[in-house]
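Engineer: The structure that follows is given in the form of structure tokens.
The values are calculated or read from the model by the stated rules, or taken from the named source; none is laboratory data. Note that the structure is predicted; figures quoted are calculated from it, not measured. Cβ: placed from backbone, ideal geometry, glycine included. Neighbour counts: every protein chain shown. Areas reflect the complete protein model, heavy atoms only, side chains present, ligands, DNA and RNA absent. Shrake-Rupley method; radii C 1.70, N 1.55, O 1.52, S 1.80 Å.
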Amino acid sequence: QAKAAGRNTLRFYDPLMQAAVHRRATLELDMRIGLERGQFELFYQPQMDRDRVIGCEALLRWHHPRDGFVSPAAFIPLAEETGLILPLGEWVLRAACEQLARWAQDPAFAHLSLAVNVSPRQFHQSGFVDQALAALAGAGADASRLELELTEGLLLQDVEDTIRKMVRLKGYGVGFSLDDFGTGYSSLAYLKRLPLDQLKIDQSFVRDVLTDPNDAAIARTIVALGISLGLRVIAEGVETEAQRVFLERHHCHAWQGYLLSRPLPAAEFEALVRERAAQAGGAGVRT
Ligand code: C2E
Ligand code: MG
Ligand code: MG
Ligand code: MG
């Protein structure tokens with residue numbers, strides 16, 4: 001029957017496709033159960049300026065009981081497609097705000113900002129601003145410590161609505177970063193209109209910044225662009241001291257990457273912040 005329908009028609013009994021459909025359905029169900037059973041956890045990757053940890057990025061981790069650790073790259077796209085990103089994203093916001101409120105109690109961590117990734121479907125749902133404000137208020141967290149990371153594609157989907165939402169949240173002190181900058185299609189005209197605070201240089205430009213003159217030129221240009229628009233610029237994916245020095249020399253404000261640390265569970269992240277603060281304190285007067 002399906003065969004008779006011709007070559008370009010979907011064949012529903014294609015075993016490979018059947019397997020893929022099955023895997024997706026299983027993954028989706030596992031995600032729902034995982035959310036109910038508390039299998040998701042936030043890890044924190046430190047972000048540094050010249051000499052101290054200024055904040056971190058929350059990165060979602062899923063401890064699947066059978067498959068072990070599952071990377072967000074493997075489940076965020078499906079969560080986005082199925083709509084499960086809505087409850088999952090809300091959980092992330094709440095967990096992040098609760099962490100911020102705990103850190104606010106301790107002078108060692110009260111200065112930290114916390115960046116949270118927001119996916120397009122999550123951001124464009126009608127109640128997103130209220131959801132974020134409720135997460136902050138529910139936890140008793142300071143909105144000015146929260147940063148939301150948006151991608152270029154998200155920003156361009158409905159520019160007017162996006163700006164309205166950003167402006168409302170900014171009114172409470174929430175900051176905005178443009179993640180993976182340089183990999184999307186945002187025009188400079190939009191960039192000027194959006195109330196952003198920070199650009200994140202995508203790690204694909206950082207990787208070969210010392211060996212590929214094009215990547216070096218792109219990284220330098222993003223920093224210069226950010227500075228002239230009054231934005232802070234942070235580099236992601238910094239793995240070597242030479243990359244860090246290159247970025248610092250070109251006035252990039254901050255960086256994150258394996259050179260300092262992988263994303264860590266909260267307690268390990270806190271230990272790293274304390275250790276770094278002790279080192280900086282021992283180094284004498286800061287300029
Ligand atoms: P992203 O926001 O661009 O995060 C950066 C990714 O690079 C993270 O991968 C991080 O672990 C990794 N990374 C950090 N430093 C280095 C480095 O020095 N070298 C290399 N090679 N990689 C580095 P991760 O944690 O697997 O997350 C992948 C993506 O999943 C994130 O990309 C983000 O788009 C998405 N994601 C993660 N957590 C969430 C979340 O809570 N909500 C949503 N909507 N998306 C999330
Ligand atoms: Mg990010
Ligand atoms: Mg801020
Ligand atoms: Mg990124």
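Engineer: Alpha carbons only, please: Rg and Dmax for the stretch 216-285, in angstrom.
Structural biologist: 14.2, 38
Engineer: Among Leu78, Leu100, Leu178, which one shows the biggest mean-square fluctuation in a GNM of the chain, springs joining Cα atoms closer than 10 Å?
Structural biologist: Fluctuation is largest for Leu78.
Engineer: Share of the stretch 39-151's accessible area from carbon and sulfur, percent, 1.4 Å?
Structural biologist: Exposed carbon and sulfur together represent 52 percent of the surface.
Engineer: Taking the stretch 205-243, which GluC sites (Glu not before Pro) meet the DSSP loop condition and have no more than 12 other C-beta atoms within 10 Å?
Structural biologist: Sites meeting the loop and neighbour criteria: none at all.
Engineer: Same structure, new question: Ranked from the most accessible area to the least, with a 1.4 Å probe and all protein chains present, what is the order of His64, His124?
Structural biologist: So, going from the largest accessible area down, we get His124, His64.
Engineer: At 1.4 Å probe size, put Trp255, Trp62, Trp91 in order of accessible surface, largest to smallest.
Structural biologist: Reading off the accessible areas and sorting them downward yields Trp91, Trp255, Trp62.
Engineer: How large is log10 I(q)/I(0) at q = 0.12, 0.20, 0.23, 0.27 Å⁻¹ when the Debye formula is applied to the Cα atoms of the stretch 75-141, each weighted equally and without solvent?
Structural biologist: -0.34, -0.78, -0.93, -1.13
Engineer: Continuing with this model, one more query. Given R₀ = 35 Å, FRET efficiency for Arg24-Asp161 by Cβ-Cβ distance, to 0.05?
Structural biologist: Once the sixth-power term is evaluated, E becomes 0.75.
Engineer: Tell me, what is the per residue accessible area of the stretch 135-287 in Å², probe radius 1.4 Å?
Structural biologist: That works out to 50 Å² for each residue.
Engineer: Within the P(r) computed for the stretch 132-287, what percentage of the Cα pairs occupies the region above 29 Å?
Structural biologist: In whole percent, the long-distance tail amounts to 27.
Engineer: Rank these by accessible area, largest first, 1.4 Å probe: Thr151, Thr162.
Structural biologist: Ranked list, largest accessible area first: Thr151, Thr162.
Engineer: Any idea how far apart Arg207 and Asp130 come out in nm if each label point goes 7 Å out from Cα toward Cβ?
Structural biologist: For the pair Arg207/Asp130, the computed spacing is 4.3 nm.
Engineer: Let me ask you something else. Computed on alpha carbon atoms, what radius of gyration and Dmax characterise the stretch 136-211, expressed in Å?
Structural biologist: For the stretch 136-211, the Cα-based Rg and Dmax read 14.1, 48 Å.
Engineer: Further, regarding this structure: Tell me, in nm to one decimal, what length is gained between Lys170 and Glu41 on full extension, where the rule is 0.36 nm per residue of separation less the Cα-Cα distance?
Structural biologist: This chain segment gains 43.8 nm when fully extended.
Engineer: Moving to a separate point now. What Kirkwood Rh does the chain have if only Cα atoms enter the pairwise 1/r average? Answer in Å.
Structural biologist: It is 20.6 Å.
Engineer: I want the local charge near Leu35. Using Cβ-Cβ distances under 15 Å, sum +1 for each Lys or Arg and -1 for each Asp or Glu among the other residues.
Structural biologist: -2
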